[in-house]
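The structure appears below as structure tokens.
The values are calculated or read from the model by the stated rules, or taken from the named source; none is laboratory data. Predicted model, so just to flag it, every value in this text is computed and none were measured. Every residue, glycine as well, gets a Cβ built from its backbone with ideal geometry; the counts of neighbours run over all protein chains shown.
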Amino acid sequence: MCTGSVQACDDGSKSAVKAPEAQRGVAIIDGKEVSAPKISMGDAATIAAIIKEGKDNSQVMSHLSHLSKNIGPRLTGSARAEQANKWAKSQYELWGLKNARIEEWGTIATRFDRGPSTAKVLLKDEKTTKGDDGKESKTIEWKPARDLQFSVQSWTRGTEGSVRGPVVSAPKNDDEYAAMKDKLKGAWILIEAAPAVGQRGVRGRLSSSAEARMKAREEVGSGAKEPAGIGLPERLIFDGVAGFISTTRDERVWTGSVSGWRERKLADVPSDVHLVVRLSDYDFLNSRLADEEPFELEVNLDHKLTAGPIPCYNTIAEIPGTDKADEVVIISAHLDSWDGPGSQGTTDNGTGSSTTLEAARILAAVGAKPRRTIRFVNWTGEEQGLLGSKGYVDKHKEDVIKTVSACFVDDGGTDYNGGLPAAGVMVDYLAAATAPINNVFYSEIDQKYLNINIRNTGDKIEVHGSSDHASFNRVGVPGFFWDETGRADYSFGWHTQNDTYELGIEEYLRQSATAAAVTAYNLACAPDLLPRVKKD
């Protein structure tokens, strides 16, 4: 029987009894502390060992350091994403997990690998010197004055070496265009700042600009139009400009991709270069132009494009269950990230990837023997539309629907796992499963315990659909996106040049990894699968 002793809880018994009061701990439901529901779950000694390992011997920052610093940003389908998939598999194998594998979920037409990318402003320095004969001579040097922080869309062509030229303001009408036409060849075109619209607006506007230029090239190439018949600003691409520069409306620059990236073949990859710079860099460029100060911009974008089809993978590994091994609890996070210059893919989602890995390491280290299988999955393709998790669910749909108790996703940044949304029928199970974490991890900085609040959301799980848990909810399997609670400024790093290892908050990630391990272990030892919402 599952009575709470090490031997009894891990021996695979099917009989469930009420958990002893002292072992249940305190649950938090809708913000209030209550006695944990009397549901028999994991073995008390094993749970204590999980918490001790997670608190005192955490390696979560080591995982995060390797992903962020050694591998770097992990765009879906890139060589670094595949490297990360294989590295995660090797870690699971090292820790003794079973069935470790990389599983293909689909292909893309062209691989994109972003190499070193720089953009620097050069100011003209003119000096007059007098020789021994008394004659004056002038020398001109171009000195680096400012390194720009910028991004360029993924799945676009680079510069094939340094491209240097003057910066000119984009013409607003045909008269201005005619007056400056002889200055356009080799120039960088500074586009007037648009109203502030946030990340999605900036990325959408950039994508629309790229599409408009591609359409213009097609129309001219097919003979449907002459360059003179193309409207501004697309007409400029036929004047030999070096590229375009636009701005966000704050100090962040966001990275996205061209539309149709997955099916776009190498020959059809956009050839025009378009930098998006932070607002202060735009102001610097604009000020130099207003002052009529001579300067140039030197850009070097090392983009490597490889013809596909390129396979894309999820990494999967397991701690097999005992008597209910065919039933599964999933701990997961997406391994892919955007890859803009400067980003290391930390906040989104090296943190969740690292806590998933650490949860696996902890459970393996303490020798946990759950009744159900605990499966760990590092998805890719999340940033492009939950592609990895959707591919997994579609491939294993019948098995997923029948056997998966729940899928937990950590994808909210470097805050801690502070809660879960739960349909009413699930509240007791989740409250009992998470109770051992409460009043355990104390933050001296926050002056509070890093606890887990189970939010009763009524008839269904009230959760957004913008991460991999949604692929499971779509087929009726409970999918959970951990509430992220804490002091981190998520938007500072999210999809920006600021997304680096230094954003990781160790005490939060320790709690998150341990919380994931305890919750999954308890549900894997529970009497039944997590209750599901009945279909209408």
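A few comments on the model shown:
- Cβ-Cβ under 8 Å pairs, at least 6 apart or on other chains, the stretch 520-536 side of a type in the set (Lys, Arg), far side assigned to a loop (DSSP other than H, G, I, E, B): Arg532/Gly476; Arg532/Val477; Arg532/Pro478; Lys535/Gly476
Yes/no matrix, rows are residues, columns are (1) touching a helix residue (DSSP H, G or I) at 6+ places or on another chain (Cβ under 7 Å); (2) in contact (Cβ under 8 Å) with a residue 60 or more places away in the chain:
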residue: Arg157; (1), (2): no, yes
residue: Val163; (1), (2): no, yes
residue: Lys181; (1), (2): yes, no
residue: Glu211; (1), (2): no, no
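- Residue check for Ser169: modelled with pLDDT of 90 or more and among the polar types (S, T, N, Q): yes
- Residue ID - surrounded by the most Cβ atoms within 10 Å (Cβ to Cβ), chosen from residues in the stretch 359-408 that are among the charged types (D, E, K, R) and in a loop (DSSP other than H, G, I, E, B): Glu382
- Only residues that are surrounded by fewer than 20 Cβ atoms within 10 Å (Cβ to Cβ) and either over 20 Å from Ala515 (Cα atoms) or in contact (Cβ under 8 Å) with a residue 12 or more places away in the chain (or both) were counted in the stretch 440-452, giving 4.
- Among the criteria (1) within 17 Å of the chain's Cα centre (by Cα); (2) among the charged types (D, E, K, R); (3) part of a helix (DSSP H, G or I), the one Asp336 does not fulfil is (3).
- Residue pairs meeting the criteria (Cβ under 7 Å; at least 6 apart or on separate chains; first without any contact (Cβ under 8 Å) to a residue 60 or more places away in the chain, in the stretch 404-423; second of a type in the set (A, V, I, L, M)): Ala422/Leu430; Ala422/Ile454; Ala422/Ile461
- Checking every residue in the stretch 501-521 against the condition of being modelled with pLDDT of 95 or more, in contact with a helix residue (DSSP H, G or I) (Cβ under 8 Å, 6 or more places away or on another chain), polar (S, T, N, Q) and not in a helix (DSSP H, G or I) gives zero matches.
- Just one residue in the set Ser137, Ser78, Ser90 is surrounded by fewer than 16 Cβ atoms within 10 Å (Cβ to Cβ), of a type in the set (Ser, Thr, Tyr), in the same structural domain as Ala368 (by TED's automatic domain parsing) and more than 21 Å from Tyr282 (Cα to Cα); that residue is Ser90.
- For Ser246, the stated conditions do not hold, so it cannot be described as free of Cβ contacts under 8 Å to residues at least 24 places away in the same chain and of a type in the set (S, T, N, Q).
- Candidate set: the stretch 273-310, residues that are under 26 Å from the mean Cα position of the chain (by Cα) and among the acidic types (Asp, Glu); chosen: the one nearest to Phe244 (Cα to Cα): Asp281
- Among the criteria (1) touching a Ser or Thr at 6+ places or on another chain (Cβ under 7 Å); (2) in contact (Cβ under 8 Å) with a residue 40 or more places away in the chain, the one Ala145 does not fulfil is (1).
- Close Cβ contacts (under 6 Å, 6 or more residues apart or on different chains) running from residues in the stretch 466-489 that are in contact (Cβ under 8 Å) with a residue 60 or more places away in the chain to residues that are of a type in the set (D, E, K, R) comprise Ser467/Asp411; Asp468/Glu382; Ser471/Lys390; Trp482/Asp410; Glu484/Asp415; Thr485/Asp415; Gly486/Asp415; Ala488/Asp415.
- Residue match in the stretch 177-187 (condition: under 24 Å from Arg252 (Cβ atoms) and outside any loop (DSSP other than H, G, I, E, B)): no
- Selection count where residues are among the β-branched types (Val, Ile, Thr) and buried (at least 24 other Cβ atoms within 10 Å of the Cβ), scope the stretch 300-327: 2
- Count of the stretch 241-296 residues which are over 26 Å from Phe112 (Cβ atoms) and among the aliphatic types (A, V, I, L, M): 4
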